[in-house]
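For reference, the structure discussed in these notes is given below.
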Amino acid sequence: MMKYFLIAILIVIFCIVAQSQTTIIPAGIASGTAGQPAVYTAPNAVGSSPNITLTTLATTTNCAAAGSGANPSLVACAAAASGSFSCATNASTGTCVISTTAVTANSRIFIQPSSAEGTNLSVTCNTTSDTGLTAPRLASKSTSTSFTINLGTFATNPVCFNYWIVN
């Protein structure tokens, strides 16, 4: 599935360079409205922005993992490039290490706190954000191994997050 995603990206780049008008990205790589293929429309004028219309973008694996009750809280996500995880209360003001081989040296890792993932993770997520975070959320990344996030203060329940890695 990842190779199809990369092919779709290459098609989009080619269309930007070639300045063609419309390219259909095959269903299964990315899908548009009601399961239709995604549509990429190149800009009509120099300096205008292209548009990509889609309703879903699939990854081959999706993590749903609860962190260990330690500091750092350890989360096992195998090779997942996206998903959700929780960090245990023992890691409050500490770190959480998310193990996934999807991380590269050039990865862009997007992390968003979420209290809506409890059912998916089989935990009760904290309903407020961790507070007092004085360092950037993303602490480090280790190629083909993991990424580490800094945590603020939370006490009642694990803090839950969604993440997405773009390579």
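The values are calculated or read from the model by the stated rules, or taken from the named source; none is laboratory data. None of the values given here were measured: they were computed from a predicted structure. Glycine also receives a Cβ, built like all others from the backbone with ideal geometry; neighbour counts cover every protein chain displayed.
Given the options 145, 89, 134, 95, name the one that is assigned by TED's automatic domain parsing to the domain that holds residue 162 and modelled with pLDDT under 95. Give the steps one after another, and end with the answer.
Details: 145 fails: modelled with pLDDT under 95; 89 fails: modelled with pLDDT under 95; 95 fails: modelled with pLDDT under 95.
Going through 145, 89, 134, 95 in turn, the sole match is 134.
Of all residues in the range 61-97, those satisfying the criterion of being under 14 Å from residue 163 (Cα atoms), outside any loop (DSSP other than H, G, I, E, B) and not hydrophobic (A, V, I, L, M, F, W, C) are 82, 83, 84, 86. Hey, could you check the range 118-158 for residues that are touching a residue at least 40 places away in the same chain (Cβ under 8 Å) and in contact with a helix residue (DSSP H, G or I) (Cβ under 8 Å, 6 or more places away or on another chain) and say which is nearest to residue 107 (Cα to Cα)? Across the range 118-158, the extreme among qualifying residues is 151. The single condition among (1) within 17 Å of residue 162 (Cβ to Cβ); (2) assigned to a strand (DSSP E or B) that residue 124 does not meet is (2).
If you go through the range 90-107 and keep only what is farther than 14 Å from residue 146 by Cβ and either touching an Asp or Glu at 6+ places or on another chain (Cβ under 7 Å) or buried (at least 18 other Cβ atoms within 10 Å of the Cβ) (or both), you end up with 91, 92. Number of residues in the range 67-103 that are out of contact with any Phe, Trp or Tyr (no Cβ under 6 Å at 6 or more places or on another chain), within 15 Å of residue 135 (Cβ to Cβ), in contact (Cβ under 8 Å) with a residue 60 or more places away in the chain and not hydrophobic (A, V, I, L, M, F, W, C): the value is 2.
Scanning the range 103-118 for residues that are hydroxyl-bearing (Ser, Thr, Tyr) and farther than 15 Å from residue 161 by Cβ yields a total of 2.
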